[in-house]
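Okay, structure first, notes after.
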Amino acid sequence: MLFRSHLVNLHQTVKVLDPAKPFEGEAQGITPRGELIVDTEGGRILVSAGEVSVRGIYGYV
């Protein structure tokens, strides 16, 4: 998948700030529909919408 090679947080912990219930998990890739695949303790969740902020060693990127 083209996008998978550009996913800077692949196999890294991500935090999803869902207004209903924020959660953390490990980024596993991106579906063909553009959804972020996140594995959590409760199972796999597909994140399909939202604002994205990437934090690197220098803060937000």
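For this structure, a couple of remarks:
- Footprinting exposure proxy ranking of GLU35, GLU41, fewest other C-beta atoms within 10 angstrom first, gives GLU41, GLU35.
- Compared with the direct C-alpha span, the chain from LEU7 to GLU24 gains 4.4 nm at full extension, assuming 0.36 nm per residue.
- Exposure proxy ranking, count of Cβ atoms within 10 Å, fewest first, for ARG33, ARG44: ARG33, ARG44
- Residue-span extension gain [ILE45 to ARG33] - 0.36 nm each, minus C-alpha spacing: 2.9 nm
Taken together, the values in this text are just the output of simple stated rules run on the coordinates, not laboratory data. Please read all numbers here as calculations on a predicted model, not as lab measurements. Neighbour counts run over all protein chains shown; Cβ positions are idealised from the backbone, glycine included.
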